[in-house]
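The values are calculated or read from the model by the stated rules, or taken from the named source; none is laboratory data. What you see is a predicted model; the values in this text were computed from it and never measured. Here Cβ is always computed from backbone atoms with ideal geometry, including for glycine, and neighbour counts include all displayed protein chains.
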Amino acid sequence: MSSIPRALTRSGVGLRLPHIEEAVATRPAAGWFEIHPENFLANPYATELLEELARSYPISVHTVGLSVGSAHGVDRVHLQRMRRFVDRIDPVLLSAHLAWSTHQGEYLNDLLPLPYTAETLAIVSRHVAEVQDGLGRALLIENPSRYLGFTGSTMTEVQFLNELVQGSGCQLLCDVSNVHLSAHNLGYDARHYLDGLPAAAIGELHLGGFTVEADDAAPGHEVIVDTHAAPIAAPVWELYGHAVARFGPRPTLIEWDNDIPALATLLNEAMVADDVTRRSSRLEQDHAATR
Amino acid sequence: MPPLAEVQRRVRDAMLAGDAGPLASLIDAGPRDATRRMAIHLRHYRVSLIAVLMGRFPATTWLLGSAQVEAAAAQFVGAVPPDAPCVAEYGAAFPAFLGTWPAAERVAYLEPFADLEWHFGRLSVAVDAPAKDAGTLAALNADDLVDTVLTLQGGTHYCHASWPIDELLAIFLSNTAPEQTMLAEQPVWLECRGTRGDVRINRLTEGDWTFRQAIWRGRPIGVAAERAWLVDPEFDPGAALAAMLGQALVIGAVTRTKGTDS
């Protein structure tokens, strides 16, 4: 990763349908917006409004439906719809998840975990290439939020992502909240995880809120559920600072998908992210100067 | 470890059945009970899709009661998973499913009412395209006109019911629902049109509805007129076409015999 697109030096916010008319009418001071194309493909009116916004703001497209981890392949009808959509919106970034959600034409409305094996790596790599070819753009792959793994996994998630980057040439979207959440849920060290990712391949960072629940799987303990329904938690801000110090500043996005607050709340969270970015970048520069 | 396709088939079956037990040998969460962790995904599938359906059918929920609709939705999401990644497209089959629900026996118009609500929601996000004017058809000679196929605005839907379901929906949308309302059986022929958040439901005569619905389904003007004459011998296709053009309903016209776009 040589440099951040200039337009993305300030943090962006996830733009959801309840805010789109307000965004068009008020032109808020957002650095950029990220959208889920699946919210727009079946909504011509919202797409028309988004096209209007895209004339004034950089737009990032973050798909939740391409399912690059599905053994039965990428949904080509969806890929074709996506191609027409990205050609209209001309996004600055395009990303998907290291997950699967479709099975033989059925869509399970979740980002489901994958076993990390050589077979899965071959399948995901093939699908990443197919999506990049089909959409004519580079794809970023996001690390998932996880509650469990698979007994048959033969590599860690970090090993898998490194192999994926090497094999497919894709970049990574590092969801810092997912790193915190998965590390808590599965009992590993979040900083160690971040330190293992290929810094040059990190093209975007995500920050989202989560919900802490009693863990039915381990009575007396808590599990963190990736709800995107709350402000960014303090430990995630700290981890984000570590990520910026490790990777350098990257386009950063605030995600909020449920119990969606006023747009101003999201913009405030983006300002906090900008603050943390500035402080963490300075720290990194100071460290570099003394090395 | 089975092949990935087999792992995903088993996870899919667990998701729809709401039971992670059969996955126990596949999944791992260290010292924690992995099937209970998998239950987080199972719960998300069920709860999120029930919420999608409840959000898409508020008027049906008002009519039937949230407990009934939620119970039906819970069965529906286990039986009919989405077939596309856009969840806004999920629920088209729910009205027919509701029609088989025991409560449908005491609400005869439940299925057509839910179907009308489904289309009402879909049309609210439609966008009108530039309409053709009367000159479009005037440029055709009379012989070609009967073989001409018209394209109507994308935000258009035609439905027929034996009950005044449009009145019922209007009561819901007005937020002034009375404690009781009498609904007498009465056939209605409805045209729903939506663009950019605005949806209108118009009642048509049976002749006009038959003509417009046939055109909407891609029939040539001549075929649509013959169908309309079957239900209304006095039907005037010239006036009907003029009205459709005047209402900015027509966005395309192709004469099939010559295959030219006029």
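Looking only at region A:78-88, decide whether some residue is over 27 Å from A:THR9 (Cα atoms) and either away from chain B (no Cβ under 11 Å) or modelled with pLDDT under 95 (or both). Looking for residues that are over 27 Å from A:THR9 (Cα atoms) and either away from chain B (no Cβ under 11 Å) or modelled with pLDDT under 95 (or both), one finds at least one in region A:78-88, hence yes. The residues listed here are B:GLY252, B:GLY194; of these, the one that is more than 21 Å from B:ALA142 (Cβ to Cβ) and either surrounded by 15 or more Cβ atoms within 10 Å (Cβ to Cβ) or of a type outside the set (Phe, Trp, Tyr) (or both) is B:GLY194. Going through region A:232-272 one residue at a time, which ones are assigned to a helix (DSSP H, G or I) and of a type in the set (Lys, Arg)? If the condition is that a residue be assigned to a helix (DSSP H, G or I) and of a type in the set (Lys, Arg), then A:ARG246 is the only one that fits. Restricting attention to region B:174-226, the residues that are of a type in the set (A, V, I, L, M) and in a helix (DSSP H, G or I) total 6. Taking residues in region B:224-248 that are assigned by TED's automatic domain parsing to the domain that holds B:THR156, and partners anywhere that are surrounded by 15 or more Cβ atoms within 10 Å (Cβ to Cβ) and outside any helix (DSSP H, G or I), the pairs with Cβ atoms closer than 6 Å and at least 6 places apart or on different chains are B:ALA228/B:PHE235; B:TRP229/B:PHE235; B:MET244/B:VAL250; B:ALA248/B:ALA131. Taken over region B:1-17, the criterion of being facing chain A (nearest Cβ under 7 Å) and in contact with a helix residue (DSSP H, G or I) (Cβ under 6 Å, 6 or more places away or on another chain) is satisfied by B:LEU4, B:MET15. Could you check A:SER56 against (1) hydroxyl-bearing (Ser, Thr, Tyr); (2) within 11 Å of another protein chain (Cβ to nearest Cβ); (3) surrounded by fewer than 22 Cβ atoms within 10 Å (Cβ to Cβ) and say which number it fails? Against the list (1) hydroxyl-bearing (Ser, Thr, Tyr); (2) within 11 Å of another protein chain (Cβ to nearest Cβ); (3) surrounded by fewer than 22 Cβ atoms within 10 Å (Cβ to Cβ), A:SER56 comes up short only on (2).
Residues are listed down the side, and each one gets a yes or a no for (1) part of a loop (DSSP other than H, G, I, E, B); (2) of a type in the set (D, E, K, R); (3) within 14 Å of chain A (Cβ to nearest Cβ); (4) out of contact with any Pro (no Cβ under 9 Å at 6 or more places or on another chain):
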site: B:LEU63; (1), (2), (3), (4): no, no, no, yes
site: B:ALA71; (1), (2), (3), (4): no, no, no, yes
site: B:GLY78; (1), (2), (3), (4): no, no, yes, yes
site: B:LEU98; (1), (2), (3), (4): no, no, no, yes
site: B:TRP118; (1), (2), (3), (4): no, no, yes, no
site: B:VAL125; (1), (2), (3), (4): yes, no, yes, no
site: B:ASP128; (1), (2), (3), (4): yes, yes, yes, yes
site: B:LYS132; (1), (2), (3), (4): yes, yes, no, yes
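Quick one: is B:ILE27 within 7 Å of chain A (Cβ to nearest Cβ) and either among the acidic types (Asp, Glu) or surrounded by 15 or more Cβ atoms within 10 Å (Cβ to Cβ) (or both)? Considered against the rule, which asks whether it is within 7 Å of chain A (Cβ to nearest Cβ) and either among the acidic types (Asp, Glu) or surrounded by 15 or more Cβ atoms within 10 Å (Cβ to Cβ) (or both), B:ILE27 comes out as yes.
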